1. At a 1.4 Å probe, what is the % contribution of carbon and sulfur to the accessible area of the chain?
2. Given the chain reduced to its alpha-carbon atoms as identical point scatterers, what log10 I(q)/I(0) does the Debye formula return at q = 0.10, 0.21, 0.22 Å⁻¹?
3. Could you give the nm distance between label points at ALA69 and VAL28, where each point is 7 Å from its Cα heading toward the beta carbon?
4. Obtain the nm distance between the two label points defined at ARG10 and LEU53 by a simple spin-label model: each point lies 7 Å from its Cα along the Cα-to-C-beta direction.
5. How far apart, in nm, are two points set 7 Å out from the Cα along the Cα-to-Cβ line at ASN62 and at ARG91?
6. Would you mind checking the tilt of helix 55-72 against the longest principal axis of the Cα atoms of the chain, expressed as 0 to 90 degrees and rounded to 10?
7. Expected output is a single nm value to one decimal: the length gained when fully extending between ASP79 and SER36, i.e. 0.36 nm times separation in residues minus the C-alpha distance. What is it?
8. The chain: longest stretch without exposed trypsin sites (Lys or Arg not before Pro) (DSSP loop, at most 16 other Cβ within 10 Å), sites themselves excluded?
Amino acid sequence: MAHEATINARLPEPLKRGGTEVLEKFGVSPTQLIRSLYAYMDREQRIPDCLDLNEEDAASRNKRRRAIARSIAGSITLDAQFDVKQARADRIAEKYGDLL
């Protein structure tokens with residue numbers, strides 16, 4: 001059997017309380033979330049894109065994404081039946097389902 005390791009983290013109480021509420025809403029324990037995150041990082045060998053750990057890098061990344069979005073704006077036409085919210089939910093479930 002593999003040895004278990006422990007992670008201890010200090011958080012401001014309001015942040016911990018708010019995060020715990022979200023986890024409870026989705027029926028996920030802090031341990032499940034951390035294991036899932038570590039499994040993702042081990043498998044993909046990177047930190048998930050949704051985590052902006054460096055504000056300068058995040059600002060640069062967002063600036064680049066906005067420039068790309070502006071460059072393609074108006075270049076496609078969507079079917080009237082297309083549901084943007086559903087498409088977004090489907091994409092999130094597809095990409096991050098194992099973390100939810």
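The values are calculated or read from the model by the stated rules, or taken from the named source; none is laboratory data. What you see is a predicted model; the values in this text were computed from it and never measured. As a convention, Cβ positions derive from the backbone with ideal geometry for all residues, glycine included, and neighbour counts pool all protein chains shown. Protein only, heavy atoms only, side chains kept; ligands, DNA and RNA dropped before computing areas. Shrake-Rupley method; radii C 1.70, N 1.55, O 1.52, S 1.80 Å.
1. 55 percent
2. Relative scattering, expressed as log10 I(q)/I(0), comes to -0.46, -1.35, -1.38.
3. Label-label distance for ALA69 and VAL28, simple model: 2.3 nm.
4. Distance between the two pseudo-spin positions: 2.0 nm.
5. About 1.8 nm, to one decimal.
6. Long axis of 55-72 versus the principal axis of the chain: about 30 degrees.
7. Computed gain between ASP79 and SER36 is 11.9 nm.
8. By the stated rule (loop sites, at most 16 other Cβ atoms within 10 Å), 47-100.
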